[in-house]
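Working notes for the structure below.
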Amino acid sequence: MNTTTAAPIGVFDSGVGGLSILHELRRELPRADFIYLADTANVPYGTRSDHEIRTLTAQAVEWLYQHGADLVVNACNTSSAFSLDYLRAHYGPALPIVGLVPALKPAVKATRSGVVGVLATAATLRGPLLNEVIERFAVPAQVRVLTITDPHLVPLVEAGQAQSPQARALLRELLTPLAQQGGDQLVLGCTHFPFLASSIRAEFGDTFALLDSGAAVARRTRQVRQEAGLEVDDKAETETGRETGHPQPSTTKVQFFATGDPQHAARVMSELLGEAVRVEKANDYVF
Ligand code: DGL
């Protein structure tokens, strides 16, 4: 069966971080097409006000809608924290929205030490979604949550410096208190941060299990497509690929757009994805 969705799935992030989600989406929906928008002219979002984050997100999602997306994955924890209610109320069934929340719930389940870290942007840490998960799951389980943030992490990933000595030194400084306090789970609560995993491993070995929400969001996207009556491709071959360890038989097409410099975005995105990508400037981005 070789069905291809007529309309692409829109994927949005403030920058290149959403590629960690796109990677999982392509595994889960190997015959879908995608349109990825990186708002690199306005990244980082994580140090902005609630209102700015909501406004920028609304613009980006509208752009994806105007460019034919039939569902949007808000592949940014920061943007999801302040925008999901607004977006769902605004578009209703015309455009299903899938959002993200840091993977704290599985970390609470998995911890043996009772101490977990959440590495996220300042905005995600003050936002309602993460705090609801802390109240509903961590507090009743008596799990201590150490929240960790630094404004330089996202810009380092955006600059293609995720493996740099500078990134490693900063991660060592930021995560040492978690290690000292016996943390055994680290939630990567920003979609840029899975790209820091090898730097974290290089500094801390397997002191912490690293958790992100990519795979769960991809499964949720498949489910939302089904519920909304949108086309869902055949998954059988994907699972065969996983079981045998062979590459996915993916026929996915992705169009990449950036609001900032497309050459720079293409360089960093190609490196992060491990494949050469072409990025177009979102020229008709009106804001
Ligand atoms: N990738 C975004 C997230 O998941 C945040 C990046 C930013 O600060 O712009 O939170």
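Just so it is clear, none of the values below were taken in a lab; they were calculated from the coordinates. The shown structure was predicted, so the numbers you read here are calculated from the model rather than taken from an experiment. Every residue, glycine among them, receives a Cβ derived from its backbone with ideal geometry; neighbour counts consider all protein chains shown.
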| said: Net charge within 14 Å of Val61 by Cβ-Cβ distance, Lys/Arg positive one each and Asp/Glu negative one each, not counting Val61 itself? | reply: -3
| task | Using the charge dipole of the chain (Lys, Arg: +1 at Cβ; Asp, Glu: -1 at Cβ; taken about the Cα centre), state which of Gln161, Gly214, Ser83 has its Cα farthest towards the positive end. | result | Gly214
| message | Given the C-alpha atoms of segment 11-99, compute the convex hull and give its volume per residue in Å³. | response | 85 Å³
| task | Would you mind checking the tilt of helix 19-28 against the longest principal axis of the Cα atoms of the chain, expressed as 0 to 90 degrees and rounded to 10? | result | 60 degrees
| Using the alpha-carbon atoms, what tilt in degrees (0 to 90, nearest 10) does helix 50-66 show relative to the longest principal axis of the chain? | 30 degrees
| remark: Here the relative contact order (percent) of the chain, from C-alpha pairs under 8 Å and at least 6 apart, is 28 percent
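Grab the alpha carbons of the chain, take their convex hull, and tell me the volume per residue in Å³.
129 Å³
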